[in-house]
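Q: Below is one structure. I have some questions about it.
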Amino acid sequence: MLKAIVTVMLKKGIFDPQGRAVQNGLDSIGFDKVKKVRIGKQLEMDLEMTDMATAEASVHDMCDKMLANPVVESYSFEIKEV
Amino acid sequence: MNWGVLLFPGSNCAEDCFHAVDKILGKPVKYLWHKDTDLGDVDAIIIPGGFSYGDHLRPGAIAHLSPAMTAVKEFAANGGLVIGICNGFQILTESRMLPGSLLQNRGLKFLCQDQNLKVDNADTPFTSEYAAGDVVVFPIAHNEGNYYAAPDTIAEMESNGQILFRYCNPEGEVSEKTNPNGSINSIAGIINRTGNVVGMMPHPERSADSVLGLSNGKGVFVSMLKHLEAKHG
């Protein structure tokens, strides 16, 4: 069994209002060294697969078709044995 | 002349759209189901607002992969009129039938208000009842209505007249002050390059019946009807 951990983030340059709000919140409680916060999402998927290369190709396909919107998001992932 | 209103689990503006066609236009309309692979004999399709699939992952992200959307794409490729309102707009951008994407509102708040809009292009099958520069009021109700597209895409859309509506003040002035959600160039509604697919965040169906206090949304549906009547003779 393999586990895929996919991270989806807004592309660089696209304003992330949630990240800004969190940054402001951190600043207000004294963490003034935080200069930028970006919020994304993480998906953990258990894959009934054994072959790493097949799994990678499949996760790429999932990201392109549904998990990320390439117009505004970028994605990265890691796959590990569990 | 048949109209279809496409239903997904979580659509919640479908009855208003149905009402606009059935009672305001007085034309035949039926519901289409997201699992349908054959949409039957329809001349125009409305993708209503709501929270299809609970807006999980991203608004429209799951809905756009429904079997019915394959049929909607084919319908549009053959020149059929398609309008997506609110969540319907999000579904159309997710399906790439329209450029860009709808991000979370700049102010992080769900917006629910009557909204002034300026008609930017009145020379389309969806806006011919208006004149360019008209100010209309349609309600908005969304959390992800902040329109974004890459700068070169925006430039291309602007030069092609693909912007139909922009957020404005009652005098029709468009500025960052009158932009409720952070949309680039105050974009509220757009049309595809071939002029038969529209997406808009504001709700014309909620301002189509004068009994509700607003009625200039009716123009969108009347424009579509006139276009269809001219086409079908």
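Derivation of every value follows stated rules applied to the coordinates shown; laboratory data play no part. All of these numbers come straight from a predicted model, not from anything done at the bench. Counting neighbours? That spans all protein chains shown, and the Cβs are built from the backbone with ideal geometry, glycine included.
Q: If you only keep lysine pairs separated by 8 or more in sequence, or across chains, how many in chain B come under 22 Å at the Cα atoms?
A: Pairs that pass both the separation and distance tests number 17.
Q: Hey, can you rank B:56-64, A:11-19 by average C-beta count inside 10 Å, highest first? Don't skip to the answer; put the middle values down first.
A: Values: B:56-64: 22.4, A:11-19: 13.9.
In decreasing order of mean packing, B:56-64, A:11-19 become B:56-64, A:11-19.
Q: State the answer as a single residue: which of A:Val37, A:Ser76, A:Ala53 lies farthest towards the positive end of the charge dipole of region A:2-81, with beta carbon charges of +1 for Lys and Arg and -1 for Asp and Glu, about the Cα centre.
A: Selected residue: A:Val37.
Q: Let me ask another. So for chain A, if I pair up every lysine 8 or more residues apart or on another chain, how many of those pairs have alpha-carbons under 16 Å apart? Walk me through the numbers before you get to the answer.
A: Working: A:Lys3/A:Lys80; A:Lys11/A:Lys36; A:Lys11/A:Lys41; A:Lys12/A:Lys35; A:Lys12/A:Lys36; A:Lys12/A:Lys41.
Close lysine pairs under the 16 Å cut-off: 6.
Q: Going by how many other Cβ atoms sit within 10 Å of their own, how do B:Phe75, B:Phe89, B:Phe221, B:Phe110 line up, fewest first? Before the final figure, lay out each step's value.
A: Details: B:Phe75 21, B:Phe89 30, B:Phe221 24, B:Phe110 12.
Sorted ascending by nearby Cβ count, the order is B:Phe110, B:Phe75, B:Phe221, B:Phe89.
Q: Can you sort A:Ile29, B:Ile45 from fewest to most other Cβ atoms within 10 Å of each residue's own Cβ?
A: On the way: A:Ile29 7, B:Ile45 23.
Ascending Cβ contact count within 10 Å gives the list A:Ile29, B:Ile45.
Q: Using a 10 Å cut-off around each Cβ, can you sort B:Thr70, B:Thr124 from fewest to most neighbouring Cβ atoms? Walk me through the intermediate numbers first.
A: Numbers: B:Thr70 13, B:Thr124 19.
Going from least to most buried by this count: B:Thr70, B:Thr124.
Q: Kindly provide the GluC sites (Glu not before Pro) of chain A that DSSP labels as loop, not H, G, I, E or B, and whose Cβ sees at most 14 other Cβ atoms within 10 Å. If you can, show how the numbers build up before the last one.
A: Details: sites: A:Glu44, A:Glu48, A:Glu56, A:Glu73, A:Glu78, A:Glu81; in loops: A:Glu48.
Passing both the DSSP loop test and the Cβ count: A:Glu48.
Q: Please determine, in degrees from 0 to 90 and to the nearest 10, the orientation of helix A:17-28 with respect to the longest principal axis defined by the Cα atoms of chain A, where the helix direction is its Cα long axis.
A: Around 50 degrees separate the two axes.
Q: What is the mean number of Cβ atoms from other protein chains located within 10 Å of the Cβ atom of each residue in peptide A:4-16, rounded to a whole number? Walk me through the numbers on the way to the answer.
A: Details: counts 0, 0, 0, 0, 2, 0, 3, 2, 0, 2, 5, 6, 2.
Whole-number average of other-chain Cβ neighbours for A:4-16 is 2.
Q: Please list, short to long, the whole-number percent of alpha-carbon pairs of chain B in consecutive 5 angstrom bins beginning at zero.
A: 1, 7, 16, 21, 22, 18, 10, 4, 1, 0
Q: I would also like to ask the following. Other chains near B:102-109: what is the mean number of their Cβ atoms within 10 Å of each residue's Cβ? Spell out each step's value before the answer.
A: Details: counts 3, 9, 6, 1, 3, 2, 4, 1.
Whole-number average of other-chain Cβ neighbours for B:102-109 is 4.
Q: Compute the FRET efficiency between B:Lys30 and B:Ala230 as 1/(1 + (r/R0)^6), taking r as their Cβ-Cβ distance and R0 = 25 Å, and round to the nearest 0.05.
A: Working: r = 23 Å, r/R0 = 0.91.
In this case the efficiency is close to 0.65.
Q: Could you check what % of the DSSP bridge pairs in the protein assembly as shown are antiparallel, to the nearest 5?
A: Values: 37 of 53 bridges.
Given both bridge residues lie in the protein assembly as shown, the antiparallel proportion sits at roughly 70 percent.
Q: Over 24 Å apart: what share of the alpha carbon pairs of region B:17-130 falls there, rounded to a whole percent? Before the final figure, lay out the partial values.
A: On the way: 1973 of 6441 pairs.
I get 31 percent for the Cα pairs in region B:17-130 exceeding 24 Å.
Q: Return the Rg/Rh value of the protein assembly as shown, two decimal places, where both radii are evaluated on C-alpha atoms and Rh is the Kirkwood radius.
A: Working: Rg = 20.6 Å, Rh = 20.5 Å.
Dividing the radius of gyration by the Kirkwood radius yields 1.00.
Q: Among B:His34, B:Val5, B:Ala208, flag the residue with its Cα farthest along the positive direction of the charge dipole of chain B, charges on Cβ as +1 for Lys/Arg and -1 for Asp/Glu.
A: Of B:His34, B:Val5, B:Ala208, it is B:His34.
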